1. Would you check the accessible area of E30, probe 1.4 Å, heavy atoms only, in square angstrom rounded to 10?
2. Sort 117-129, 49-61 by packing, meaning the average of other beta carbons within 10 Å per residue, with the highest value first.
3. Loop-only trypsin sites (Lys or Arg not before Pro) in segment 23-119, please: DSSP not H, G, I, E or B, and at most 16 other Cβ atoms within 10 Å.
4. Which value, in debye to the nearest 20, gives the size of the charge dipole of segment 61-121 about its Cα centre, when Lys and Arg are +1 and Asp and Glu are -1 at the Cβ?
5. Report the charge-dipole magnitude of segment 13-132 in Debye, nearest 20, computed about the Cα centre from +1 at each Lys and Arg Cβ and -1 at each Asp and Glu Cβ.
6. To one decimal place, what orientation-averaged projected area in nm² is obtained for the convex hull of the Cα set of segment 56-103?
Amino acid sequence: MKRLMTAIAGGVFAGGVALAEPVAGVWKTEPGDSGGYLHVEIAPCGNAVCGTIVAGIDAEGRTGPNYEHLGKRMIWDMQAQGGGYYSNGKIWAADKDKTYGSKMQLEGDSLTVRGCVAGGLVCRGQVWQRLK
């Protein structure tokens with residue numbers, strides 16, 4: 001019985017490590033045309049990675065508690081490819097109110113996020129900084 005409990009505990013711990021996602025955390029987007037930016041929380045969601053807007057900050061650095069997109073999913077279905085690469089996801093661009101095919105690359109505390117249309121012929125992107 002003691003061996004069984006040890007094996008179960010070890011399996012639970014190993015499973016938790018396997019589920020750890022290096023891109024998980026809160027990220028600051030680049031400022032938009034108005035000078036404002038977002039904080040996006042990225043976390044595992046099923047077998048993918050998703051990101052939700054947790055704060056909208058204006059050009060003066062004030063957090064807008066009534067930001068209209070607070071809590072909106074911004075990234076979904078992002079699949080880890082290994083080596084800090086993520087692809088096959090979607091990203092919603094708040095400034096254009098459009099959804100794009102997306103990929104990301106994690107390098108330390110920087111996350112390059114790209115959204116593309118037209119089969120990848122037209123892309124735009126940002127480099128986000130990790131806050132926590």
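The values are calculated or read from the model by the stated rules, or taken from the named source; none is laboratory data. Just so it is clear, the structure is predicted and the values come from calculations on it, not from any experiment. Please note: Cβ atoms are built from the backbone with ideal geometry, for glycine as well, and neighbour counts cover all protein chains shown. The protein model used for the area step is the full one, side chains on, heavy atoms only, and it has no ligands, DNA or RNA in it. Shrake-Rupley method; radii C 1.70, N 1.55, O 1.52, S 1.80 Å.
1. Using a 1.4 Å probe on the heavy atoms, I get roughly 70 Å².
2. So the order, starting with the most tightly packed, is 49-61, 117-129.
3. In loop regions of segment 23-119 (DSSP not H, G, I, E or B), the sparsely surrounded trypsin sites (Lys or Arg not before Pro) are R62, K72, K96.
4. Around 140 debye, computed over segment 61-121.
5. Magnitude of the dipole: close to 220 debye.
6. Numbers: hull surface 17.6 nm².
Computed as one quarter of the Cα hull surface, the answer is 4.4 nm².
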